[in-house]
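Right, one structure below, let's go through it.
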Amino acid sequence: MTVAITLNIGLIMVAMAIAVALTVPDVPVVTLYLVLMTSAVVIPVGTWPMTHTLWSAIDLRVRPVTAEEADDARSWVEAHRTNSR
């Protein structure tokens, strides 16, 4: 979530800076607001798989899986594999 929020805010700030720089005498505030508001909803939805995977990788790097957690995961998979057949 943190990665998604950071990416979203960063992209919106860059887009806003570029739009203002290109239209500096007469900045279309309403149009700019509507486009940036829409992108604030679309960007997180579009980047969710990438940011979720990245955050999971960071979490696994900081807090590696222990042998006990791996055994619990194996037993859970085996229990559900036999129940689904």
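One residue is enough: does segment 68-84 have a residue meeting the conditions modelled with pLDDT under 90, in contact with a helix residue (DSSP H, G or I) (Cβ under 6 Å, 6 or more places away or on another chain) and either assigned to a helix (DSSP H, G or I) or at positive phi (or both)? The answer is no; no qualifying residue exists.
Going by what's in this entry, would V41 be described as free of Cβ contacts under 8 Å to residues at least 24 places away in the same chain and loosely packed, with under 11 Cβ neighbours inside 10 Å? Talk me through it step by step, then tell me what you get.
Numbers: free of Cβ contacts under 8 Å to residues at least 24 places away in the same chain: yes; loosely packed, with under 11 Cβ neighbours inside 10 Å: yes.
Considered against the rule, which asks whether it is free of Cβ contacts under 8 Å to residues at least 24 places away in the same chain and loosely packed, with under 11 Cβ neighbours inside 10 Å, V41 comes out as yes.
Working only within segment 33-57, note down all residues that are among the hydroxyl-bearing types (S, T, Y) and farther than 20 Å from M13 by Cβ. Passing the criteria: T53, S56. Scanning segment 52-85 for residues that are surrounded by 10 or more Cβ atoms within 10 Å (Cβ to Cβ) and charged (D, E, K, R) returns D59, E69, D71, D72, R74, E78.
The values are calculated or read from the model by the stated rules, or taken from the named source; none is laboratory data. Since the structure is predicted, the reported quantities are computational estimates derived from the model, not experimental observations. Virtual Cβ from ideal backbone geometry, glycine too; neighbours counted across all protein chains shown.
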